[in-house]
Every structure is written in C-alpha cells, then in structure tokens.
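Working notes for the structure below.
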Amino acid sequence: MLGTMMNYPLTLTPILERAARLFGSVEIVSGLPDRRVLRSTYASVAARARKLGAALAKGGLQRGDRVGSLMWNNVWQLEAYFGVPASGCVLHTLNPRLHPDELAYIVNHGGDRMLLIDDVLLPVYERFRDKVRLERVIVAPTTGKPVPAPYQTYDDFLNEADELEFPRLDENEAAVMCYTSGTTGAPKGVVYSHRALVLHAFAIALPDCFFLAQADSVMPVVPMFHANGWGLPSASTMVGARQVLPGPNLDPASLLDLLDREKVTRAAGVPTVWLGVVDLLQRCPDRWRLHPRLLVAVGGAALPESLIVAFDRLGIAVRHAWGMTELTPVGSASVPKASMSDWPAADLLALRAKQGTPLPFVEVRGVEGGREVPWDGETMAELQVRGPWVAASYHNPPANCESWTDDGWFRTGDVVTIDPEGYIKIADRSKDLIKSGGEWISSVDLENALLGHPAVREAAVVAIAHPRWGERPLAAVVLKERCHATPAELREHLAARFSSWQLPDAILFVPEIPHTSVGKLRKSSLREMFAGWDWDRAEGA
C-alpha cells in the first residue's frame, strides 16, 4: 500500500519563492571591499535570480551545465546560489585562495562553461585564464568601478533576458558542485542534489543545531565558496531570516563592526576566525555591543575548551559542529542533552568541546580492522557515515578511489571515539595521529591544551620520525603579542592533563603557522619543515 501524499519535489526553487512572497522586504546585507554595505531584499534577490536563470538559458546553457562562481559572501553570490540551480544548471563554487594551477584544474575537471566573478577577484582569474576553456566571464561590480574589457558586467548580463519561469526539476538533479581542499591527492568534486540541500537545510535549522528562525540575523563568516557555506544561505532563506554577508573583509575588527551594527544573532566560522575576534573583544571590551541572543557556531577544526570558556566569559553562546564537504557539509552538533543539566561544569565543558551527536538521518559508526567498535568513549576508530546528504561518489572519481566501503558507508578519514551517549570526539585525522612506541597520541588534544595557556595564540602538533619510538610529537607555537613562555613552562602546563610519554619532545616558537585556504592548520607544511629533526639538539626558541 502506498501513501496518498503528493509527489512534490524537494528543490531550492520553492525555498526562494516562499522567501520572496512571505519575507520580500527582509534585508540582505552585503559587505563591500571598501567596508561600506549594500542592502538588498529577498524580493530583489528572487527577481534577479530569475533574470540570471533566463540569461544563462539565452546564453546557450542547458540543464546540467556548470557555472563557476569566484565570489566572496555577497548578494551576487546569493543570487547565483538560487538562480543557477533553479534554472537547471549547476553552480560550481570556486575558492579564490587556491593556487592558480589548482583553480585551473578544478574549473576544467568540473567542466565549467561560464564564470561569475567579483571584480576584485579578476587578478586571481587572470593568473589562470589561459589554462581554462570558459565561454563567458561575467563580472559583479562590488567596487562600483567600471568593468574592464573584454568582460561583461553582471547587470548587463541580467538585462539581456526577462525573468525566467523556473522549470520543474527532479529533486535528484545536480544543484551545486564543490571541490574538496585536496589535502590528499588532487581535489575531488562533490555534487549536491537539490534534495540533499533541502533536507540539510531543514536539519541545520533545528534548535539542536544552528537554531535558525525568521527573527534571526545570520552572518556566515564561513565562505560561501567552501563546503556550501555550511548550508546557511539555503537554510536562512528557507526560514526567511535576515542575512548579513561580510564580503572580503574578514579581519576581527571588520567582523565585530558588522556583528554590532547589524545586530547579528547567528554567526558561523572556523576557530581561527573566532580566536582573533575573542582576543580583540578581550582587549577592547567597551568598543562593541553584541546582540544578547548571539549564537556562534564553530566548525572546520576542533573547538578548544579555552575558546568555549572565553566565549562564556564574554556572555556569548557558542556551539560546536562537525562536517565535511562530502556531507553538504554538517554531520553533527554538540548540544548537551536535557538529562545532563546537573553534570559538573568541567564535564559539560568537555562535552561541548566534542563534535557532538549526529544530526537526524545521519548514521555514524567507528570501524577498526574491518570491525565496528563499541561506543565506549575510549576505543579509537575511523569514523564512517551515511545519510541522505552524504555523497555516494565523487564527480569523475579517480580509478583508485577508496573513500567508500563495500556496504556503502563514506570513510571520513577522521579517527574518533564515540561515547555511550552518542557524542563523537575526533582524536585526529588518520594521517595526523601520532604513533609513538606502539601507542597513539592525539595531536588535536595537545593543540587544544596548549591553546589553554594564556600566552599561546595558536599551536600545531605534528608527528616527526624518531629513531627509537617511530614517531614523536613536535609542537609549533605562536605566542600572543607581548607575551612570553618557555618550552619547559608549556610542558609543565600540559603535564597536568597528559602522561609524560604523550608530551611533545620539542616545543618550537614560530612567527606563524601555515594554514589551508579555508583556515585549517596545514600540518603537511610543518611536517616538511621539520622533517629530519635532530632530537638530540636543543629546542629552538
């Protein structure tokens, strides 16, 4: 017996049309390169998205054709987020922080026919334009300056066509394409279906995830070109929330200016962003007045307990989430259960620092040696996931791809424990876990503990070959301005939480730590930098 419900496809189109009809006057605020803001509305975004779709069709693009976007978080990017997929084409978000050769590879591998780009990013495109086969380049005038020849302005392109009546799409059709950061091998393309994006939007809007409502003012600091902007542009539009898109100015002072002036109630970004914001708030406590309902979501890397404590002291709610490009991207969020209300503060703090419980419809398991391990909070294993917004393959995958198991689970590459309550804790990426004398050491735990020292601004711990123990941990530390610490002092700080054999054998002070294009620690660079380290020599300072 079948149900009697309508066969109504889950696509992005009704999300946009509902926002325009019910919340047409709600603002979309865009930060511009000169730090001014541009104000638009859902009604305008929807109308221009329809014109964008019509212009793509008039330009010869057909369903399934890819349209690249090289843009910061702004209203032009939001229009593309809906106008391109709702027209039947596929939006391919591109990361301007990547190397030109990597960008060229991604554009060519993705099969992009057209490119939408911010005018301030034209120099990025110029560095790889001769290596790609694009038919047209359309430029968004974020600076207000004339667009140089031979490029066409975004508004002129839109004015070539009338508004499009969006076609009826199948919910399993491709909507958005995003490539992984390529930390292991060449970047790999993940293609999100309309259905995956819609279901993901519902899940992250739940109270136990990002807690989104129409009354909110949402600022995604996480770039919209990275991992689908954590789904926030789609979910915010779905509930009709006001959106504050920060543009290219992501320094702590600029972000705090927006948070204050635009009365932001929801914000999301990686830990490195919030470390800078918190540091500036602590140094200038009376300069900004943030909304009392501000909730900050942190993901992309482990959330240090010290950062949670700092947010708590500032009166700002903070929530940890975990995900990957292959998960659209959010897979779990860390919110204490009601039964934990009487837990000791230290236990609750440790729980909040975990990656949390899986979102509805996301299934997780830990596998080691081909066998599923118990949820005991102690046994480390590779995290594997499956669900309706988890990728089942890559776009044109390499022949030797081993990212999926024979029974259909995605292998994340994260080494985790899962406790009896279902809370995931990432010990490390499998390639970053340190095996010393046959015992495992978590670089993530050491890094977060180092960040708890008042003099430490940033820390990264890597495994370096050792003649006796196989591998030993080496820590690279960046100190805060006008602060001082010694290796012995930091080792003593760590000794309160770790056994002596787990402590780094070398603690080195460096002016900066390399990061990936999305703000994560680039540990591969550190491993190369300190390869062949002489363990008998004195530690550098």
Tell me whether region 1-136 comes out rounded, prolate or oblate; compute the Cα gyration tensor, take square roots of the eigenvalues as a ≥ b ≥ c, and use a/c under 1.5 as the rounded threshold.
oblate
In the P(r) worked out for the chain, what percent of Cα pairs fall beyond 39 Å?
26 percent
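Please report His99, His92, His453 as a ranked list, fewest other C-beta atoms within 10 angstrom at the top and most at the bottom.
On the way: His99 12, His92 29, His453 20.
The most exposed by this proxy come first: His99, His453, His92.
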Of all C-alpha pairs within region 344-383, those more than 15 angstrom apart amount in percent to 54 percent
Out of the DSSP beta bridges found with both residues in region 26-358, what percent are antiparallel (nearest 5)?
30 percent
Near the amide H of Val264, under 5 Å away, which other amide H atoms are found, from residues 5 or more places off or on another chain, if H is placed in the peptide plane?
His291
Peptide ranges 135-144, 106-115, 226-235, 395-404 listed from the most packed, as the mean C-beta count within 10 angstrom indicates
226-235, 106-115, 135-144, 395-404
Residue-wise HN-Hα coupling along region 37-53, computed from phi with Karplus coefficients 6.51, -1.76, 1.60 (Hz; x: Gly, Pro):
10, 10, 10, 10, 9, 4, 4, 5, 4, 5, 5, 6, 5, 5, 5, 4, x
If every Lys and Arg gets +1 and every Asp and Glu gets -1 at its Cβ, then about the Cα centre the chain yields a dipole, in debye to the nearest 20, of 1000 debye
Only counting other Cβ atoms within 10 Å, I'd like Thr405, Thr516 sorted with the fewest neighbours first.
Thr405, Thr516
Here region 271-280 yields Karplus 3J(HN,Hα) values (6.51, -1.76, 1.60; θ = phi - 60°; whole Hz; Gly and Pro given as x) of x, 4, 5, 6, 4, x, 5, 5, 4, 5
Residue-wise, which Karplus ³J(HN,Hα) couplings in Hz belong to region 186-199, taking 6.51 cos²θ - 1.76 cosθ + 1.60, θ = phi - 60°, and x for glycine or proline?
5, x, 10, x, 10, 10, 7, 7, 4, 4, 4, 5, 5, 4
Looking at region 434-529, I'd like the Rg to Rh ratio, where Rg is from alpha-carbon atoms and Rh is Kirkwood's inverse mean 1/r.
0.95
Take the alpha carbon atoms of region 445-498, find their center, do the same for region 271-342, and report the distance between the two centers in whole angstrom.
23 Å
Return the tail of the calculated pair distribution for region 170-272, meaning the percent of Cα-Cα pairs more than 18 Å apart.
53 percent
Across the chain, qualifying lysine pairs (alpha carbons under 17 Å, at least 8 places apart or different chains) come out at 6
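FYI, it's all coordinate maths here, none of it is from the lab. Note that the coordinates shown come from a computational prediction; the quantities given were computed from them, not determined experimentally. A quick note on method: Cβ atoms are made from the backbone with ideal geometry, for glycine too, and the neighbour counts reach across all protein chains shown.
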